[in-house]
């Protein structure tokens, strides 16, 4: 399985923002649930204005419980919670 081009492009943008010191952590509300989220944003600025571009949020609780990694025995699959 491969990572789509748009995700790779966004990741490169995030790396550049980090290298330039243009990242922010903002408290926002989830648009679906209204729950607080801590959102990683790239910061653009010019002429005294700032633009915050959200890239993702920090996981509540244990991040290892939130995601299933790729399956090392199946290039097209993911690990399952029962393994």
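Pick the calculated semi-axes √(5λ) of the Cα gyration tensor in Å for this structure from [x] 28, 13, 7; [y] 26, 14, 9; [z] 30, 19, 10? So the calculated entry is the one marked [z].
Each of 13, 53 has some number of other Cβ atoms within 10 Å of its Cβ, and from fewest to most they run 13, 53. Between the helical axis of 5-19 and the dominant principal axis of the chain, each derived from Cα atoms, what acute angle in degrees is found, rounded to the nearest 10? Once rounded, one gets 50 degrees. Going by neighbour counts of Cβ atoms within 10 Å, the residues 45, 57 line up, fewest first, as 45, 57. Put the Cα centre of segment 51-69 next to the Cα centre of segment 20-40 and the gap is 10 Å.
Report relative contact order for the chain in percent, whole number only (criteria: Cα-Cα under 8 Å, sequence separation at least 6).
19
Note on the chain: with a GNM built from Cα contacts shorter than 10 Å, the maximum mean-square fluctuation among 48, 21, 61 falls on 48.
Summarising the label geometry, the points placed 7 Å from Cα in the beta-carbon direction at residue 23 and residue 74 lie 3.3 nm from one another. Taking segment 60-79 and a reference point 7 angstrom along Cα→Cβ of residue 35, the backbone N atoms nearer than 16 Å belong to 60-68.
Bear in mind that the values in this text are calculations on the coordinates, not laboratory data. Given the structure is predicted, the values throughout are model-derived calculations rather than measurements. Please note: Cβ atoms are built from the backbone with ideal geometry, for glycine as well, and neighbour counts cover all protein chains shown.
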